[in-house]
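Encoded as structure tokens, the structure appears first; notes follow it.
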Amino acid sequence: MTKFNAWNVIKNGLNGQSYWTRQWRDPEPKSIYDVVIIGGGLHGLATAYYLAKNHNIKNVAVLEKGWIGGGNAGRNTTIVRSNYMMPGNHEFYEHSLKLWENLSHELNYNVMFSQRAHVSLFHSPGAKDSVSRIYNIMRLHGTDAELWDLKTLKKKIPHLNYHNSRFPILGAAVQKRAGNARHDAVAWGYARAADTLGVDILQNCEVTGFTRKNGNIESIQTSRGIIKGKKIGFAVAGNTSVLWQMAELGNLPIESHKLQAFVSEAVKPLLDQVVVYGVGGAHFYISQSDKGSMVFGGDLDWYKSYAQRGNLPMVQDVAEAAMAIFPSLGRIRLLRHWAGVMDMTMDGSFFICKTPISNLYLNAGWNYGGFKASPASGWYFADLIANESPHNYVQNHNLERFEKGINIDERGAGPDPKLHG
Amino acid sequence: MIRINCPYCGERDHSEFSYGGDATINYPSLDASEKEWTEAIFFRKNIKGFQFETWHHSNGCRMWLVVERSTVTHEIKSVKPCHPNLQKVAENNK
């Protein structure tokens with residue numbers, strides 16, 4: 001693997017770009033690995049990387065049924081933020097944001113992380129009080145958070161609809177260190193860095209069954225043959241229940257829902273921040289990609305589904321929200337829209353935990369928030385697999401929290417997965 | 001758009017309805033263990049394929065329905081009133 005640096009860029013520039021080597025190998029599966037991670041998305045690849053980097057466990061395979069980064073890694077709006085308030089969550093997401101800040105250097109791969117600020121609008125004194133409470137909690141824990149009054153907001157983003165009499169904009173809660181990144185680069189960066197440390201990335205390798213022995217999972221049947229792992233990790237958010245039932249483990253506190261995202265044609269620089277608008281049942285978030293496209297999304301489709309395609313009522317909802325807040329988008333054309341399948345959990349928080357099978361570990365339940373979580377998710381999932389006990393930050397992110405009554409419900413929406421947006 | 005054939009109103013767009021959830025949950029008795037209640041309230045089969053689920057015709061007759069629908073293709077096999085006695089009434093009216 002050729003390192004990316006100024007010298008190699010110049011050298012290859014003079015040699016017709018002919019000296020670059022493959023980004024990662026395409027190895028044949030070995031018969032046994034120390035750790036097998038199922039799922040070659042951002043979380044699985046990050047886990048493999050941190051297993052090798054932080055814990056020196058390098059005999060690791062990542063199994064991916066399609067191609068890496070082809071699932072939810074490529075089906076999100078790439079927003080990175082850490083505006084969480086529940087114990088465990090805020091430490092976890094803040095650590096994730098800190099990892100994002102150094103990720104390009106860490107991986108020797110430009111993930112184009114852009115800390116352009118996350119601007120969450122509020123429209124009533126009640127909403128201001130509520131968001132002030134959350135952002136004050138963030139400040140108490142050392143995360144950056146601030147409130148912008150209307151004057152500041154108008155100066156920063158002059159072209160929002162400030163004349164909406166039904167939902168007047170009163171100001172915004174802002175996290176300046178938040179922003180977005182390039183999703184493909186994150187998948188490729190982690191894959192390349194993990195591969196360099198010896199991790200085998202096995203694409204087109206679909207898991208079809210498990211063989212149990214003495215209570216453990218002894219081997220995994222895949223479309224590329226039988227693979228054994230001393231320890232096995234699931235990182236397949238969206239399809240967690242399918243694998244869970246394949247391992248005959250019963251039910252999970254998860255429902256799979258689909259979430260749509262949209263990309264418009266490219267326009268000249270229009271929006272410098274990530275803007276979030278949420279009132280009266282609408283939920284809308286928008287940013288502009290480096291290519292110039294407006295990237296935006298809204299709510300779930302509101303019914304359970306494993307289909308990776310969105311339905312039209314939500315397209316209309318999102319378009320209406322866009323017009324309510326950004327009337328200047330009225331004539332912009334939509335290029336693409338897609339849906340990803342989310343693990344929506346019963347309290348809106350994730351799982352990084354042990355399972356009833358002693359050599360199986362679970363990473364699941366990322367709801368709307370999987371993209372921003374991926375570095376810390378990999379970090380703490382690798383930590384759990386290597387040390388066999390959860391870090392303090394994720395000690396309650398397990399399947400037993402519901403029975404114990406210690407749900408981590410940021411939104412206070414109760415046990416209805418579709419409401420945890 | 002999914003079209004749901006409401007037994008009371010006829011075939012309508014799914015945007016008239018609100019999705020409820022798994023229609024096969026049996027709630028345990030009030031004195032059942034915490035484990036049983038946790039299982040009923042928080043744990044789901046999350047079927048990939050055909051499942052029975054509840055929908056509320058919230059912008060129509062406001063009746064609750066049990067719909068058998070595929071979570072992969074969204075094809076609907078059957079729609080019935082939630083309450084078995086109402087099912088009989090619906091059949092008698094045909």
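Numbers for the structure displayed
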read-out: Only listed residue being touching a helix residue (DSSP H, G or I) at 6+ places or on another chain (Cβ under 8 Å) and of a type outside the set (Val, Ile, Thr), chosen from A:164, A:180; value: A:164
read-out: Residue identified as within 27 Å of residue A:265 (Cα to Cα), surrounded by 20 or more Cβ atoms within 10 Å (Cβ to Cβ) and in contact with a strand residue (DSSP E or B) (Cβ under 9 Å, 6 or more places away or on another chain) among A:364, A:321, A:307; value: A:321
read-out: Filter result for residue A:173 (farther than 21 Å from residue A:72 by Cα, at pLDDT 95 or above, crowded, with 20+ Cβ neighbours inside 10 Å and not β-branched (Val, Ile, Thr)); value: yes
read-out: Residues of region A:383-419 that turn out to be charged (D, E, K, R), farther than 20 Å from residue A:85 by Cα, crowded, with 19+ Cβ neighbours inside 10 Å and within 13 Å of another protein chain (Cβ to nearest Cβ), as a count; value: 1
read-out: Options A:316, A:288; residue that is out of contact with any Lys or Arg (no Cβ under 8 Å at 6 or more places or on another chain), within 14 Å of chain B (Cβ to nearest Cβ) and not hydroxyl-bearing (Ser, Thr, Tyr); value: A:316
read-out: Residues that are in a loop (DSSP other than H, G, I, E, B) and closer than 20 Å to residue A:216 by Cα, drawn from region A:235-272; value: A:235, A:236, A:247, A:248, A:249, A:250, A:251
read-out: Which listed residue is aromatic (Phe, Trp, Tyr) and more than 30 Å from residue A:117 (Cα to Cα), from A:371, A:402; value: A:402
read-out: Residues being assigned to a loop (DSSP other than H, G, I, E, B), within 16 Å of residue A:104 (Cα to Cα) and of a type in the set (A, V, I, L, M, F, W, C) - total across region A:170-216; value: 2
read-out: Test: residue in region B:41-51 that is without any contact (Cβ under 8 Å) to a residue 60 or more places away in the chain and away from chain A (no Cβ under 14 Å); value: no
read-out: Selection from region B:13-24 of residues that are out of contact with any helix residue (DSSP H, G or I) (no Cβ under 6 Å at 6 or more places or on another chain) and either at the interface with chain A (Cβ under 10 Å from one of its Cβ atoms) or within 18 Å of residue A:314 (Cβ to Cβ) (or both); value: B:13, B:14, B:16, B:17, B:18, B:19, B:20, B:21, B:22
read-out: Lone qualifier among A:117, A:194 - being closer than 30 Å to residue A:69 by Cβ, among the small types (Gly, Ala, Ser) and out of contact with any helix residue (DSSP H, G or I) (no Cβ under 7 Å at 6 or more places or on another chain); value: A:117
read-out: Where residue A:70 falls short, out of the listed (1) surrounded by fewer than 24 Cβ atoms within 10 Å (Cβ to Cβ); (2) closer than 28 Å to residue A:33 by Cβ; (3) in contact (Cβ under 8 Å) with a residue 60 or more places away in the chain; value: (3)
read-out: Evaluation of residue B:6 against (1) of a type outside the set (S, T, N, Q); (2) over 15 Å from the mean Cα position of the chain (by Cα); (3) more than 10 Å from chain A (Cβ to nearest Cβ) (one fails), failing number; value: (2)
read-out: Sole residue being under 19 Å from residue A:156 (Cα atoms) and among the aliphatic types (A, V, I, L, M), chosen from A:249, A:259, A:329, A:243; value: A:329
read-out: Candidates A:273, A:221 - the one that is within 22 Å of the chain's Cα centre (by Cα) and not small (Gly, Ala, Ser); value: A:273
read-out: Hey, residue A:166 surrounded by fewer than 14 Cβ atoms within 10 Å (Cβ to Cβ) and either over 26 Å from residue A:294 (Cβ atoms) or basic (Lys, Arg) (or both) or not; value: yes
read-out: All positions within region A:131-157 that are over 25 Å from the mean Cα position of the chain (by Cα) and either touching a residue at least 60 places away in the same chain (Cβ under 8 Å) or not in a helix (DSSP H, G or I) (or both); value: A:147, A:148, A:149, A:156, A:157
read-out: Verdict on residue A:343 being farther than 21 Å from residue A:85 by Cβ, surrounded by 24 or more Cβ atoms within 10 Å (Cβ to Cβ), of a type in the set (D, E, K, R) and within 13 Å of chain B (Cβ to nearest Cβ); value: yes
read-out: Tally, over region B:25-37, of residues that are within 11 Å of chain A (Cβ to nearest Cβ) and either surrounded by fewer than 16 Cβ atoms within 10 Å (Cβ to Cβ) or touching a Ser or Thr at 6+ places or on another chain (Cβ under 8 Å) (or both); value: 5
read-out: Some residue of region A:84-92 being more than 30 Å from residue A:221 (Cα to Cα), among the hydroxyl-bearing types (Ser, Thr, Tyr) and assigned to a loop (DSSP other than H, G, I, E, B); value: yes
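Conditions tested, residue by residue: (1) over 30 Å from the mean Cα position of the chain (by Cα); (2) free of Cβ contacts under 8 Å to residues at least 12 places away in the same chain; (3) closer than 29 Å to residue A:87 by Cβ.
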residue: A:126; (1), (2), (3): no, yes, yes
residue: A:129; (1), (2), (3): no, yes, yes
residue: A:159; (1), (2), (3): no, no, no
residue: A:169; (1), (2), (3): no, no, no
residue: A:172; (1), (2), (3): no, no, yes
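The values are calculated or read from the model by the stated rules, or taken from the named source; none is laboratory data. Worth saying up front: this structure is predicted, and the values here are computed from it rather than measured. We place every Cβ from the backbone using ideal geometry, glycine too, and count neighbours over all the protein chains shown.
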